Structure formats: structure tokens, C-alpha cells
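The values are calculated or read from the model by the stated rules, or taken from the named source; none is laboratory data. Because the structure is a prediction, the values reported are computed rather than measured. Cβ atoms come from the backbone with ideal geometry, glycine included; neighbour counts cover every protein chain shown. Protein only, heavy atoms only, side chains kept; ligands, DNA and RNA dropped before computing areas. Shrake-Rupley method; radii C 1.70, N 1.55, O 1.52, S 1.80 Å.
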Amino acid sequence: MLRQLRPAIMMMVLLTVITGIIYPFAITGIGQAVFPTQANGSLIDKDGKVIGSSLIGQNFTGEKYFRGRPSATTDTDPNDSTKTISVPYKADASTGSNLGPTSKALMDRVKGDVDTLKAGSDQPVPVDLVTTSGSGLDPDITPAGAEFQVTRVAKARGMSPDAVRRLVAQATERRTFGVLGEAHVNVLALNLALDAAQPAK
Amino acid sequence: MTVNGILQIAIFCIAIIALVRPLGGYMTRVFNGDKTFLSPVFRPVERVLYAASGVRPEVEQSWRVYGVAMLLFSLAGSVSLYAIFRLQDILPLNPQGFPALPPELALNTAISFVTNTNWQFYSGESTMSYLSQMIGLTVHNFVSAATGIALAMAIIRGFARRSAKTVGNFWVDLTRCVLYILMPVAIVYALFLIWQGVPQTLAAYVDATTLEGAKQTIAVGPVASQEAIKMLGTNGGGFFNGNSAHPFENPTALSNLIQMISIFSMGAALTNVFGRMVGRERQGWALFGVMGLLFLAGTFIVYPVEAGGNPAIAAMGVDQSVGPGQVGGNMEGKEVRFGIANSSLFTVVTTDTSCGAVNNMHDSLMPLAGMIPLINIQLGEIIFGGVGSGLYGMLMFAIIAVFVAGLMVGRTPEYIGKKLEAREVKMSILAILILPLSILGFTAIATVVPQGIATLTNSGPHGFSEILYAYTSATGNNGSAFAGLGPNMFWQVTMAIAMFMGRFLFIVPMLAVAGSLAAKKIVPPSAGTFPTDNGLFVALLIGVILIVGGLTFFPALALGPVVEHLAMQAGSMF
């Protein structure tokens, strides 16, 4: 038995060096050299400042911007450290709601979101606009979810709905190779395009 | 369901079938010690490892020594992992300044990663330093997977050899698996993931000022290197809490497809390694057929159920239909870029195997869709399964199936030319019984002690499902969760015990079977031999799996997902 002890310890040490040190450092080196943008988080700079990542959703609240999906991310309540408060799109605390299909808490939340959205529109509400994503950081909405918001954004900006629709169409990413995944609209990219077409101030 | 959804599932299936023979052939050569195109690179490394560890690669081991070596290696891993977590605050590469893990969390996490489970009672981005992720978790993503494959090799050799006293050398199998199989694929795979958008940096988290002027701290890190082996080794522990739903772990539809393929590929190829090593590839394809049919059955339950959406949400005037520009269905806990088809498929793939990575939150699945992952794991994760563990789990069921067939016709059962006698059947039954003992035993305890139900997110039958899922996932070494369940001392300790039982109490009887089979002669097939490479055997094996594996858990499933489904139909909320 004890004859296997030395290999057990030595193999653990040596394989740690190979798979835990050489491998990740080599990948970091190559990744930083070949794909520097992606390796650092696909960050977007504007006037020399980081305004976010093209892969990570942001919490938009203003009338002049398209909004993303509800987000279940939370933070510790600053007033009571035993409680948490909702902080949507907290990008260092990813999480889903983990509420089941028969959860009262889920139904109350969805109902609240539906009522808010219906106050501004008589169209049926696309499901992605009232459900939280798995990560809480989903950067995308569906094209239907964008269409649902076109009238509101156009009105707030004094643009024609068709001009806004054109920007939505430009920001829509189709299925990869026409097959994989689902068509989606990156909300941050769309809002940046809106600002470029007509500054939000 | 949509035509496109079915097409995406079909593309996945074709990719898996196409990989079986090439990958199986390569793995067979590696474990037989034959020369491969990577030998010039890795032979010298191999020699250094053996010399430094005092391993004589030409000396083979009996099943007992093989088992002891595996257990000591796992023990060494657990101790070093526990130490890294406890010392995290004084070790380097901790740009966010995270404190050391508390003892019970360190214990739970160490057992979790050593047993290839990767259950996580922590959020990676707010708990683990880069060092812990790299020299702690990434390492065990490699070696726990390699340990599983090594064990499968020992068991395959038990079937393939005649009158042999040994089943291979654990250290050689382990080393070759890491160097020749996992490492080369992981390198290419990690670079692919970076290209798709997965970060790989040692710099601190990024502070951004959003378009509306709010502060957003974006967690990054050496993600791609861990993500690659997380999928390939059916580990499943995410760098981030959001796991493969997080855009930094799984940014695109293409990365998602490759992640699913990489979860299945090794387990599928191992059926071919088995066939080649016992001298008849058809024997491997029969096992592949059983796995494939059970996989399709699960997929085509989850997908339509999820696509149907939630009736309570439909009643609020929400559009859950699939249409142009619309994903529809039950989107709670799912990402838009994946939609329903890819989320459903990922759920089945990750629980058929012992992976447990998730690209959508299983806690928010519809009741009957959430039941499929439970069943998949409770059957023993034999549908392609964990790397290695899936194959030996399936072989255990094959032994039982042949035994049952032998009883029906009154002949001594044989499998792959080996007579199965009392010892092999007893050991297989012993291994099978570990699952219900741990899953149902711990679930029963947790539902009656206050600490067990103190940290549930959901109540009613869904709360019971959360408990059942936790012990199912831990015992099956899966690691996915109905993740509303929070940690406390009770959960951290009992889950660690369940993970340990599910891994090691299952492996030891299976190694004993390997040892006793290796010692037997090979009986030439006669007119009375029950063929184990045709459709009849596939049907019989599926029947045995569903009856032996499935019926055991039916009462527990009835209390959780089935009751919840009926309550939902009746409009009840909890």
C-alpha cells in the first residue's frame, strides 16, 4: 500500500505543474497575443473610458434607450447585511432567479413586469421581456422584444419609428450559419447605434 | 418544437456519431501504449514523470493495487485542494483580495472536484482567487476526469483479458490520459473559446461606466483554460456562478454547440474503445445504441415541454408562441441566444453525463422537463455518462441484463465470452444499491430536519424537488443543481458524504468485478450463447435499466415533479 504513496504525492505535484501552471499560463500568453480583445473581456471604449463589454448586458432604465431583460442579480443590502437587494446586471455576481414554474414569487414578479409593459403598449408582451435569464447578464433581447419597444424609444427621441426600426434591423444578429442558436439583438450595441444616429442629450 | 430546433439537435447527433470511431481508435492506441502522432512530444515528458514518481511503467497492477493507487491519488488531491482553499488569502494571484474559504465550504468543494462532481456551494466570481481556479480547480478538472477514464480502462481490460492477474497500471493510464488525450484537445479548445469571446487574463475585474452613467464591475479571469477542460472532462464546475449560461463562459451559439459535443464525445468514444479492446466493435455499438435511444427519449420530452411554456404566464397575456423574431416557450432562466431547443438539448446532455454544467437554470424548468435530468442522473449517468464512469456504469447494467436473460432461459450467463458467476453479479448489485441508498436516504433525512429545509428557495413540491435533485446530483457526481438551494453546515457536510459514496463506493465493487473477470478464461461462443450485439440485447438492456434504475426512484419523483405538474395544471401556486 505504502509503495503507492510516493507516486500519489509526486504525480499530484507534477500534474499540478503541468495542468495548473504551464497550461493556463501558456493559454493566457497565446490568447493575449492572438485575440487580445476577446481575452480581456470584449470591452468597449468610448472617449478613452470603458463603458462596458459587448457580451455583458447593462441595466437600461431611461425612455430613450432599449431595455434588456429583467435580471435576477442581487447585492448585499447596505442597510442590513443579512438581506439582499435587487441590483440588475451586476456583472460580478451572475445568477438566475432559480424560481420554479409554480412559484408565487415568480408569478408576482412577472405580473409586475407585464403590467408595467402593458401600460405603454397594447401589443402582446414577448416572453423574453418578462423573464430573467440564466446568468442575469443576458446582453440580448429577441427581435420581437425590440419591436415591442420601438414606438416608445422613437417617441422619446423624436425619431420616426421606421428610422428606429432600421437600426434594430442592423443590430439584429441572425442564426449562425443560418442554423445555430436564435436571432437576437444586442441591446448595448443597439443603444450605441441610436446614440450615434441621434445623441441622447 | 420547430423544424430548426430539430435540425439543430440532428446536427449535434451527427457530430457525435462521426466522432466515435476516430476518437475511439486514437484512445485505444494511447491506452495500449502504441505510438501516436503525439508520442515524439509526450514520450519524454512521460518518462520524466515516471522517474520522478518512482513508477515502473512496465509493471502492471492487480485490481486491488490499482484501486489503492486511485484512492491514494484522490486523497492526495483532496488534501492539497483543501489546503489551497484555506490558504487562498495569503497565496498570490488574488487581485480581488478574496478571503480564505471557511472549513466546511473548503471540504465540500475539495470533495466535489476530486470526485468529478463539481457541485458548487459558492459563486466563483465572488469566492475563488485566480490561483484557486488554476492550480486548484483546473488541475482537478483534468485529473478527476483522467481517473475516471483510467478506471474504465481497468474494467475494459477485465473483459478483454484471459486468465490474467493484472488490469493495468493506474499511474500509466492516468498520465497517458492527461498528456495524450485531455491536454491536446483542451489547448485547441481553449483557444477556440477565446476566439469566440471567453476571457483569458490574469488582470483584475474591470470597472466600467455604463451608457446611463452607472458603475458596473465586470468579472473576468483565466476563464477559457478552465472552461475547455470543464466540458471535456464532464466536470461542469463553472468559473462563474452563471456557469455556461454566462456570456463569458459560453458567448455564442457556436461555442454552445461545441460545448455540448465536447461533453458527449469522450463518453461516446469509450464505447468504441470497449468494442475494439474486446475484439468486436459491434459490442461497443450495441452499448452506444442503448445510450443513444435513451438520450433521444429524454431530449424529446424536455424540448416540447419547455417549448410549451408556462400556462400561468400565458394567462397574463404574455406571448409564449414561437414566431418570426420570437423564441417563445419557458424563457425563465434561459438565454436569448440559445433559445428553447439549445437549452433543452444542453439540459439533457449535461445530465445524461456527469457533467452538470448548465446553460439554463434547471430550477426554473417546467415540472416534467425538470424530471428528466433527475431521471437521467438517477439511472446512474450511463447515457454516455461521465468520462469513464458512464461506460463502467453501463457495463454493470449489461452484467445484470445478461444475468436476467440467463435466468429466463436457464443457462449460465456470459458476456463478451466471460462466464458471469455469483461474485460478479453480487458486486454489480452492490454498486447499483449505492445510488438509492445515498439519494433516497439523505433526501429522507433532509426533509425532516430543520436544517435541511432551512435554505430552500422554493416551497411546495418544487422545494422537495430541490432536495431530491441535490442528493441525486451529488451521489451521481453530476454537479448541476436546482440551484435555489443555499449552503449551510448540514448541506455542506451531507453533500460531501453523498459525493464520496457515489464515486468511491461505486468504483470499488466495479474494480473487483474487473479483477475477477480478468482471471477468467474466454469461453468460445456456442449455439446457446445469448448474443449481446444485436437489437434484442439493446431492448433487454434498456428494459433492465428502466426497471432496475427507474422504478427505485419513481415514488420520490411522484412526490416532486409529478405532483408539481398536477398542481400547476390545477392552477396552484406555492
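In table form, for the structure just shown:
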| read-out | value |
| --- | --- |
| Estimated FRET transfer efficiency (B:ARG162, A:THR37; beta-carbon r; R0 45 Å; 0.05) | 0.20 |
| Cβ crowding within 10 Å averaged over residues, with B:388-401, A:110-123 ranked highest first | B:388-401, A:110-123 |
| Pairwise centroid distance, computed over Cα atoms, of the range B:307-356 with the range A:169-201, Å | 22 |
| Using a Förster distance of 45 Å, the FRET efficiency for A:ILE30-A:ARG3 (Cβ separation, nearest 0.05) | 0.70 |
| With DNA, RNA and ligands ignored, accessible area of B:TYR205 (1.4 Å probe; Å², nearest 10) | 30 |
| In the range B:25-83, the GluC sites (Glu not before Pro) that fall in loop regions by DSSP, at most 14 other Cβ within 10 Å | B:GLU58 |
| Tilt relative to chain A, helix A:104-119 - C-alpha long axis, 0 to 90 degrees, to 10 | 40 |
| Range of Cα positions in the range B:19-103 per principal axis (Å), largest first | 47, 32, 28 |
| Rounded percent of accessible protein surface that carbon and sulfur make up, the protein assembly as shown, 1.4 Å probe | 66 |
| Pairs beyond 26 Å (Cα-Cα), from B:LYS35/B:LYS418; A:LYS46/A:LYS90; A:LYS49/B:LYS230; A:LYS46/A:LYS83; A:LYS104/A:LYS155 | B:LYS35/B:LYS418; A:LYS49/B:LYS230; A:LYS46/A:LYS83; A:LYS104/A:LYS155 |
| Efficiency of FRET from Cβ geometry, A:VAL17 and B:GLN569, R₀ 56 Å, rounded to 0.05 | 0.50 |
| The range B:235-286 versus the range A:126-160: alpha-carbon centroid distance in Å | 34 |
| Peptide B:450-462 - average C-beta neighbours from other chains (10 Å radius) | 2 |
| Rg(Cα)/(2.2 N^0.38 Å) for the protein assembly as shown, N = residue count | 0.94 |
| Net charge over other residues, Cβ less than 14 angstrom from the Cβ of B:LEU49 (K, R count +1; D, E count -1) | +3 |
| Per-residue average of Cβ from other chains inside 10 Å of B:314-322 | 6 |
| Vicinal HN-Hα couplings computed from phi for the range A:121-137 (Karplus, 6.51 cos²θ - 1.76 cosθ + 1.60; Hz; Gly/Pro x) | 7, 9, 6, x, 8, x, 4, 5, 7, 10, 10, 7, 7, x, 8, x, 10 |
| Volume of the Cα convex hull of chain B, divided per residue and given in Å³ | 154 |
| Shielding by partners, peptide B:20-31 (average Cβ within 10 angstrom, other chains) | 0 |
| Per-residue ³J(HN,Hα) for the range B:468-473, Karplus 6.51 cos²θ - 1.76 cosθ + 1.60, θ = phi - 60°, Hz, x for Gly and Pro | 4, 5, 4, 6, 4, 5 |
| Accessible-area ranking of A:LYS49, A:LYS155, largest first, probe 1.4 Å | A:LYS155, A:LYS49 |
| Using alpha-carbon coordinates, inclination of helix A:143-157 to the longest axis of chain A, degrees | 50 |
| The range B:433-574: Cα Rg divided by the 2.2 N^0.38 Å rule of thumb | 1.37 |
| ³J(HN,Hα) computed for each position of the range B:160-165 - Karplus, 6.51 cos²θ - 1.76 cosθ + 1.60, integer Hz, glycine/proline x | 7, 8, 10, 6, 10, 9 |
| The protein assembly as shown, dipole about Cα centre (Lys/Arg Cβ +1, Asp/Glu Cβ -1), debye to the nearest 20 | 2420 |
| Quarter of the Cα convex hull surface for chain A, i.e. its orientation-mean projected area (nm²) | 19.2 |
| Diffusion constant of the range B:307-364 at 4 °C, which comes from Stokes-Einstein with the Kirkwood Cα-pair radius and 1.567 mPa s, µm²/s | 107 |
